[in-house]
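K.L.:
Take a look at the following structure, please.
The values are calculated or read from the model by the stated rules, or taken from the named source; none is laboratory data. None of the values given here were measured: they were computed from a predicted structure. Here the Cβ positions follow ideal geometry from the backbone for every residue, glycine too, while neighbour counts run over all protein chains shown. Ligands, DNA and RNA are stripped out before the accessible areas are found, and what is left, the full protein with its side chains, is counted by its heavy atoms. Shrake-Rupley method; radii C 1.70, N 1.55, O 1.52, S 1.80 Å.
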Amino acid sequence: MDDKEIKIDPLKQDENNLGFNPADYFCGERPKAVTPVANKIVRKFYNWAQANSLWILAFGTGCGSIELPPLYTARYDVSRFGIFPRPTPRQAGVFIISGYLSVKTLKRVIRSYEQMQNPKFVLGLGSCTVNGGMYFDSYNTINRLDYYLPVDVYIAGCMPRPEALIAGFNELKRLIKEGKAEGANKYADNFDWYKANQKKIIKDWDLPEYNW
Amino acid sequence: MEEILKRLDERFYVREKKQQRPNLLFVTVDKKVAVEAVTYLRDYEGFRHLVMISAVDYIEQNLFQLTYLLHNYQLHSDIGVRVFIDREHPVMDSIHHLWAAAQVYQREIKEMFGIDFPGSPRVDEPMILEGWDNIPPMRKDFDTKKYAEETYFPREGRFTLDPIKQMEKKNYPLEAEVKYEIKRVVRDNRDKK
Amino acid sequence: METVLIKIGYALASLFLIFNYGLLLIGFTMKIIARVHGRIGPPIWQPYIDLSKSLSMRTAIQHGVMYYLGPVFRFTGGVGLYLLIPAVFGSVWLQNFSFSGDLLLVIYFIFFGMLGMALGAGESGHPFSAMGIMRGLAQTTASEVPFALAVIALAAQHHTLSISQIVAAQQGGIAHWNMVTNPIATIAGMLAYLGMMMHSPFDVHMAPQEIPVGPPTEYNSSFLVLLQSNRSVFAAAKLVLFMNLFFGGATSIWEMVIKTFLIFEFCVFVGVVFPRFKVEQSVRWLLQVPALIGVLAVVIYMV
């Protein structure tokens, strides 16, 4: 008994012996498109409020996330325009994909994006999100972001300067005010297409269908 | 460095040597004695720091080359220990018992080149490429561009316009057409001769 | 019947006033902090926009009953605290229900919202929530010690626990304020106030850099609206409480606004100047200097 060493690794559990029922922990429901408020005045007011209070999710992918600190601090100060960093996806509204996106990161990005609440916007920063940029022939980075997430605004450049990012935010504000930035509803409507694309490149799919 | 090389040669038979800089030396040793050579350099010659382990795919010679780059803090000099291993049976002895940091390099090399290091902790788990089902991507026979085009929905390339031609066609459409037609005829006839 | 309706109307009007005042205070704070950082800063009505934006979210995620009730408890704590304190002494409608409450009830209400929030955030299951709760509760408990000692000293000085009577005793010029008549208790109270306001030296449980926004990590949409509203009401209510206890209360709205604004700026400027404490540091600090000063204040009046 004494010479026997028993090792239990909690992270390494057999697939069939999970010790819990996944259905209790993951909600299997599909996302639904939510139509905006019918009343025109209220809808305009809501759009205005959303355009003037954009909370960016603190999630940096690739080299573009280094453009964000100068954006928040004294040099460019986007808080003038009501743009603030927000560390949790539950409260954030804007997802900046800042640069190249590897397949491993895409998994985390999808998870974070799906946890955000409905009016949510995606900003593709840099050429890498447009067509792969200088990593167009890489074995591990995606080429077109809009095959995996609904992108509202692309900001081209390698790297775009913070001014370009502010210009992108202005464009996003214009879209929101006109009621055209319906990325979340687009995602819900074309859910199967997006999921098929995501599953094509994420070979070991171990996420729930939708991360509520 | 000369003396270190001499002592190393006495013990392990250096097959090839290359003095890159006064303080950077590359030696090639046999696969069987590579770990001993690295251990000797670490414990007796003061090369205590493992800078990196790198791998090169020499597909023409059917070989992989591993380089253990070591650094000596007293001499401010580096030694790269090179080992050639067979491409058909890519297995190498692990050195994670010498430096814990070697685990990460060995995991990466396992993933990118498919060189196995039996006994190295977590060497079989995916590190960067989660769920990779192709041949290891850094091998020369892996066609990266083809794989990327098949997998990642490439965006169609743009067409580019020569500004001189474009402005000519826009401002003087007739003259430009005649000019380029003449040029085309001349070129075609030249090619025929 | 009619008096009851009038009372309810007065209470609602008073709440409306303090709600807007609190939001503007938050906006002002953001502006001041930005200016200290060398930035221009958001407009001072930014909290209103944030509030309407959170309200306009189309979906909301919830994790269970306590998760639902957490923000409600928190808001109840804030509103209850405010409604038991006379905002303006002698005013008919801003007197609130101060006759029915005393200092002990107020201390209870300061803690009540915190506990409700802890239960709610705990059910969200997010590990960062739990860490934020642990830190927040530790810090609030620590800052409660010097505050309670200062309150006991005041009660011993005035031989009453009623806030209205304490305010009444301070009327008639600056020489009658507790700040002058009982400076040691004032120092202890104001140092405890720094710990209670959750501004910079003591904001590690809300630390956005290490732990995403602390306990409300999982709260979204309309739950967040409730928490944001409570933030304004609760902060303003605490300011009014400290004004009443140490700085002679107020006899008009403008006096209240000026006094509470100055008290608030005290903690804002301290927060801008000093870097953040770790939780164990802040607990140790609150239990050392302010608590000892509080003990001294109590001893002076007890002996």
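K.L.:
Can you name the residue in region C:34-50 that is surrounded by fewer than 18 Cβ atoms within 10 Å (Cβ to Cβ) and hydrophobic (A, V, I, L, M, F, W, C) and, of all such residues, is farthest from A:Tyr72 (Cα to Cα)?
P.N.:
Per the criteria, the residue is C:Trp45.
K.L.:
Shifting gears a bit: Return a yes/no flag: does region C:10-22 have any residue that is part of a helix (DSSP H, G or I), surrounded by 17 or more Cβ atoms within 10 Å (Cβ to Cβ) and within 14 Å of chain A (Cβ to nearest Cβ).
P.N.:
no
K.L.:
Only one of (1) among the hydroxyl-bearing types (Ser, Thr, Tyr); (2) touching a Gly at 6+ places or on another chain (Cβ under 9 Å); (3) open to solvent by less than 30 Å² (accessible area, probe 1.4 Å) fails for B:Ser120. Which number is that?
P.N.:
Condition not satisfied by B:Ser120: (2).
K.L.:
Examine region B:144-152 for a residue that is hydroxyl-bearing (Ser, Thr, Tyr), open to solvent by less than 70 Å² (accessible area, probe 1.4 Å), part of a loop (DSSP other than H, G, I, E, B) and within 11 Å of chain A (Cβ to nearest Cβ), and state whether such a residue exists. Give the steps one after another, and end with the answer.
P.N.:
First, pick out the residues of region B:144-152 that are hydroxyl-bearing (Ser, Thr, Tyr): B:144, B:147, B:151-152.
Filter once more, keeping what is open to solvent by less than 70 Å² (accessible area, probe 1.4 Å): B:144, B:147, B:151-152.
When the remaining residues are screened for being part of a loop (DSSP other than H, G, I, E, B), the result is B:152.
Now restrict to residues that are within 11 Å of chain A (Cβ to nearest Cβ): B:152.
Yes, region B:144-152 has at least one match.
K.L.:
Identify all residues within region C:84-99 that are in contact with a Leu (Cβ under 7 Å, 6 or more places away or on another chain) and assigned to a helix (DSSP H, G or I); write none if there are none.
P.N.:
Of all residues in region C:84-99, those in contact with a Leu (Cβ under 7 Å, 6 or more places away or on another chain) come to C:84-85, C:87-88, C:96-98.
Hit for region C:84-99 is C:Ser98, nothing else.
K.L.:
Any residue at all in region A:29-42 that's modelled with pLDDT of 90 or more and either within 9 Å of another protein chain (Cβ to nearest Cβ) or within 29 Å of C:Lys31 (Cα to Cα) (or both)?
P.N.:
yes
K.L.:
Let me ask something additional. Quickly run through region A:197-207 and pick out the residues that are over 12 Å from A:Leu149 (Cα atoms) and more than 11 Å from chain B (Cβ to nearest Cβ). Quick ask: steps written out before the conclusion?
P.N.:
Pass one, region A:197-207, residues over 12 Å from A:Leu149 (Cα atoms): A:199-207.
Of everything in region A:197-207, just one residue is over 12 Å from A:Leu149 (Cα atoms) and more than 11 Å from chain B (Cβ to nearest Cβ), namely A:Leu207.
K.L.:
Conditions first: (1) among the β-branched types (Val, Ile, Thr); (2) open to solvent by less than 40 Å² (accessible area, probe 1.4 Å); (3) at the interface with chain A (Cβ under 8 Å from one of its Cβ atoms). C:Thr29 passes all but one, so which condition is the exception?
P.N.:
Among (1) among the β-branched types (Val, Ile, Thr); (2) open to solvent by less than 40 Å² (accessible area, probe 1.4 Å); (3) at the interface with chain A (Cβ under 8 Å from one of its Cβ atoms), the lone unmet condition for C:Thr29 is (3).
K.L.:
Can you work out which of the residues in region B:60-112 that are of a type in the set (D, E, K, R) and in a helix (DSSP H, G or I) is farthest from B:Gly46 (Cα to Cα)? Let's see the steps before the verdict.
P.N.:
Our first condition is that a residue be of a type in the set (D, E, K, R); within region B:60-112, this holds for B:60, B:78, B:82, B:86-88, B:93, B:107-108, B:110-111.
Now drop any that are not in a helix (DSSP H, G or I), which leaves B:107-108, B:110-111.
Working: B:Arg107: 26, B:Glu108: 26, B:Lys110: 28, B:Glu111: 31 Å.
That would be B:Glu111.
K.L.:
Considering only region B:119-140, state which residues are more than 10 Å from chain A (Cβ to nearest Cβ) and among the hydrophobic types (A, V, I, L, M, F, W, C).
P.N.:
B:Val123, B:Ile135
K.L.:
Can you find a residue that is hydrophobic (A, V, I, L, M, F, W, C), more than 10 Å from every other protein chain (Cβ to nearest Cβ) and in contact with a helix residue (DSSP H, G or I) (Cβ under 8 Å, 6 or more places away or on another chain) anywhere in region A:77-94?
P.N.:
Filtering region A:77-94 for residues hydrophobic (A, V, I, L, M, F, W, C) gives A:78, A:81, A:83-84, A:92, A:94.
If we keep only those that are more than 10 Å from every other protein chain (Cβ to nearest Cβ) too, we end up with A:94.
Restricting the remaining residues to those that are in contact with a helix residue (DSSP H, G or I) (Cβ under 8 Å, 6 or more places away or on another chain) gives A:94.
For region A:77-94, residues hydrophobic (A, V, I, L, M, F, W, C), more than 10 Å from every other protein chain (Cβ to nearest Cβ) and in contact with a helix residue (DSSP H, G or I) (Cβ under 8 Å, 6 or more places away or on another chain): present.
K.L.:
Where in region A:126-193 are there helices (runs of 4 or more DSSP H), lying fully within it, with 2 or more residues that are within 14 Å of chain B (Cβ to nearest Cβ) and within 17 Å of the chain's Cα centre (by Cα)?
P.N.:
A:127-131
K.L.:
With the requirement that a residue be over 18 Å from A:Leu57 (Cβ atoms), open to solvent by less than 30 Å² (accessible area, probe 1.4 Å) and either modelled with pLDDT of 75 or more or touching a Ser or Thr at 6+ places or on another chain (Cβ under 6 Å) (or both), what does region C:205-222 give you?
P.N.:
C:Pro215
K.L.:
Here's something else I'd like to know. Could you give me the residue pairs with C-beta distances under 8 Å whose first residue belongs to region C:269-294 and is closer than 16 Å to C:His199 by Cβ, whose second residue is hydrophobic (A, V, I, L, M, F, W, C) and loosely packed, with under 13 Cβ neighbours inside 10 Å wherever it lies, and which are 6+ apart or on separate chains?
P.N.:
none
K.L.:
So, in region A:41-63, exactly how many residues are within 26 Å of C:Pro47 (Cβ to Cβ) and either touching a Cys at 6+ places or on another chain (Cβ under 8 Å) or in a helix (DSSP H, G or I) (or both)? Talk me through it step by step, then tell me what you get.
P.N.:
Pass one, region A:41-63, residues within 26 Å of C:Pro47 (Cβ to Cβ): A:41-59.
From what is left, the residues that are either touching a Cys at 6+ places or on another chain (Cβ under 8 Å) or in a helix (DSSP H, G or I) (or both) are A:41-52.
Final tally of qualifying residues: 12.
K.L.:
State all residues of region B:158-169 that are open to solvent by 80 Å² or more (accessible area, probe 1.4 Å) and more than 30 Å from A:Val130 (Cα to Cα); if no residue qualifies, say none.
P.N.:
B:Lys169
K.L.:
For the condition touching a strand residue (DSSP E or B) at 6+ places or on another chain (Cβ under 8 Å) and modelled with pLDDT of 90 or more, what is the one hit in A:Phe95, A:Phe59, A:Phe45? Steps first, answer last, please.
P.N.:
Working: A:Phe59 fails: modelled with pLDDT of 90 or more; A:Phe45 fails: touching a strand residue (DSSP E or B) at 6+ places or on another chain (Cβ under 8 Å).
Result: A:Phe95 is the single residue among A:Phe95, A:Phe59, A:Phe45 that is touching a strand residue (DSSP E or B) at 6+ places or on another chain (Cβ under 8 Å) and modelled with pLDDT of 90 or more.
K.L.:
Given the conditions (1) surrounded by fewer than 18 Cβ atoms within 10 Å (Cβ to Cβ); (2) farther than 23 Å from C:Thr217 by Cα; (3) within 11 Å of another protein chain (Cβ to nearest Cβ); (4) not aromatic (Phe, Trp, Tyr), report the number of the one that A:Arg108 does not fulfil.
P.N.:
Of everything listed in (1) surrounded by fewer than 18 Cβ atoms within 10 Å (Cβ to Cβ); (2) farther than 23 Å from C:Thr217 by Cα; (3) within 11 Å of another protein chain (Cβ to nearest Cβ); (4) not aromatic (Phe, Trp, Tyr), A:Arg108 misses just condition (2).
K.L.:
A further question on this structure: Could you grab me the full set of residues in region C:260-280 that are open to solvent by 90 Å² or more (accessible area, probe 1.4 Å) and either among the aliphatic types (A, V, I, L, M) or assigned to a helix (DSSP H, G or I) (or both)? Don't jump to the end; show me each part of the working.
P.N.:
Keep residues of region C:260-280 that are open to solvent by 90 Å² or more (accessible area, probe 1.4 Å), which gives C:262, C:269, C:273-275, C:278, C:280.
Within region C:260-280, C:Leu262, C:Phe269, C:Val273, C:Glu280 qualify.
K.L.:
Based on this model, can you work out whether A:Ala164 counts as surrounded by fewer than 17 Cβ atoms within 10 Å (Cβ to Cβ), within 19 Å of A:Phe81 (Cα to Cα) and not charged (D, E, K, R)? Let's see the steps before the verdict.
P.N.:
Working: surrounded by fewer than 17 Cβ atoms within 10 Å (Cβ to Cβ): yes; within 19 Å of A:Phe81 (Cα to Cα): yes; not charged (D, E, K, R): yes.
Spelling it out, A:Ala164 is indeed surrounded by fewer than 17 Cβ atoms within 10 Å (Cβ to Cβ), within 19 Å of A:Phe81 (Cα to Cα) and not charged (D, E, K, R).
K.L.:
May I ask you to list the residues in region C:54-74 that are under 18 Å from A:Trp48 (Cβ atoms) and either open to solvent by 10 Å² or more (accessible area, probe 1.4 Å) or more than 10 Å from every other protein chain (Cβ to nearest Cβ) (or both)?
P.N.:
Initially, region C:54-74 is screened for residues under 18 Å from A:Trp48 (Cβ atoms), giving C:54-58.
Answer for region C:54-74, where residues must be under 18 Å from A:Trp48 (Cβ atoms) and either open to solvent by 10 Å² or more (accessible area, probe 1.4 Å) or more than 10 Å from every other protein chain (Cβ to nearest Cβ) (or both): C:Leu55, C:Met57, C:Arg58.
This table checks each residue for (1) open to solvent by less than 10 Å² (accessible area, probe 1.4 Å); (2) among the acidic types (Asp, Glu); (3) over 19 Å from C:Met190 (Cβ atoms).
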| site | (1), (2), (3) |
| --- | --- |
| C:Leu227 | no, no, yes |
| C:Val233 | yes, no, yes |
| C:Val240 | yes, no, no |
| C:Met243 | yes, no, no |
| C:Ile258 | no, no, no |
| C:Ser282 | yes, no, no |
| C:Ile300 | no, no, no |
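K.L.:
Restricting attention to region C:155-172, which residues are part of a helix (DSSP H, G or I) and not β-branched (Val, Ile, Thr)? Full working, then the answer.
P.N.:
To start, the set of residues in region C:155-172 that are part of a helix (DSSP H, G or I) comprises C:155-158, C:163-169.
Scanning region C:155-172 gives C:Ala155, C:Ala156, C:Gln157, C:His158, C:Ser164, C:Gln165, C:Ala168, C:Ala169.
K.L.:
With more than 23 Å from the chain's Cα centre (by Cα) and of a type outside the set (Val, Ile, Thr) as the only criterion, which of B:Glu88, B:Glu16, B:Glu10, B:Glu60 stands out? First the steps, then the outcome.
P.N.:
Working: B:Glu88 fails: more than 23 Å from the chain's Cα centre (by Cα); B:Glu16 fails: more than 23 Å from the chain's Cα centre (by Cα); B:Glu60 fails: more than 23 Å from the chain's Cα centre (by Cα).
Testing whether each residue is more than 23 Å from the chain's Cα centre (by Cα) and of a type outside the set (Val, Ile, Thr) leaves just B:Glu10.
K.L.:
Against the definition (more than 18 Å from the chain's Cα centre (by Cα) and within 30 Å of C:Lys7 (Cβ to Cβ)), how does C:Val92 come out, yes or no?
P.N.:
Yes; evaluated as a whole, the condition is true for this residue.
K.L.:
Does any residue of region A:122-145 turn out to be within 30 Å of A:Arg43 (Cβ to Cβ) and either surrounded by fewer than 20 Cβ atoms within 10 Å (Cβ to Cβ) or among the aromatic types (Phe, Trp, Tyr) (or both)?
P.N.:
At the first step, the residues of region A:122-145 found to be within 30 Å of A:Arg43 (Cβ to Cβ) are A:122-125, A:129, A:145.
Those still in the list that are either surrounded by fewer than 20 Cβ atoms within 10 Å (Cβ to Cβ) or among the aromatic types (Phe, Trp, Tyr) (or both) too: none.
No, every residue in region A:122-145 fails to be within 30 Å of A:Arg43 (Cβ to Cβ) and either surrounded by fewer than 20 Cβ atoms within 10 Å (Cβ to Cβ) or among the aromatic types (Phe, Trp, Tyr) (or both).
K.L.:
So, one more: Which residues, taken from region B:1-60, are among the acidic types (Asp, Glu) and touching a residue at least 24 places away in the same chain (Cβ under 8 Å)?
P.N.:
Step one: filter region B:1-60 for residues among the acidic types (Asp, Glu), giving B:2-3, B:9-10, B:16, B:30, B:36, B:43, B:45, B:57, B:60.
Within region B:1-60, B:Glu16, B:Asp30, B:Glu36, B:Glu45, B:Asp57 qualify.
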